[in-house]
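Report on the following structure.
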Amino acid sequence: MILSNYTFMEQLKLIVQVADKEKAEMLTKILTSLDFVNSVELVENKPTTSDDEQNFFSLAGLWENRDITTESIRQQAWMEDIQ
């Protein structure tokens with residue numbers, strides 16, 4: 001029976017955020033040239049806005065011409081807690 005010694009090496013993921021695209025490409029080339037680096041992936045983050053952020057300004061003026069204060073909100077909240 002032949003037994004082999006297997007060495008299980010831990011693989012780690014390193015995430016680096018680079019502001020400049022040219023420098024990110026240069027860093028990618030440097031990292032891929034290293035023999036201990038298994039893979040390098042260049043991902044371009046494109047900022048996205050969520051539906052909540054898009055709808056934020058559509059709510060502008062929602063409370064306009066209404067007599068609502070932080071104090072009146074607190075009073076109503078405490079009344080609900082008591083009941």
Problem - Computed label-point distance, nm, for sites L31 and V43 using a 7 Å Cα→Cβ extension - result: 1.1 nm
Problem - 3J(HN,Hα) from dihedral phi, region 57-63, Karplus parametrisation 6.51/-1.76/1.60, rounded to Hz, x for glycine, proline - result: 6, 5, 8, 4, x, 4, 9
Fill in the blank from the handout: The ³J(HN,Hα) series, computed from each phi in region 12-24 with the Karplus coefficients 6.51, -1.76 and 1.60 at θ = phi - 60°, rounded to the nearest Hz and given as x for glycine or proline, is 10, 10, 10, 10, 10, 9, 10, 6, 9, 5, 4, 5, 5
Exercise for the section: Neighbouring Cβ atoms within 10 Å as the yardstick, rank F56, F36 fewest first. Expected result: F36, F56
Handout entry: Residue-by-residue Karplus 3J(HN,Hα) for region 68-75, coefficients 6.51, -1.76, 1.60, Hz, glycine and proline x
Key = 10, 10, 4, 5, 5, 5, 4, 4
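Every number in this text was worked out from the coordinates using simple rules, so none of it is lab data. Remember, it's a predicted structure, so these values are computed and weren't measured experimentally. So basically every Cβ, Gly included, is an ideal-geometry build from the backbone, and we count neighbours across all protein chains shown.
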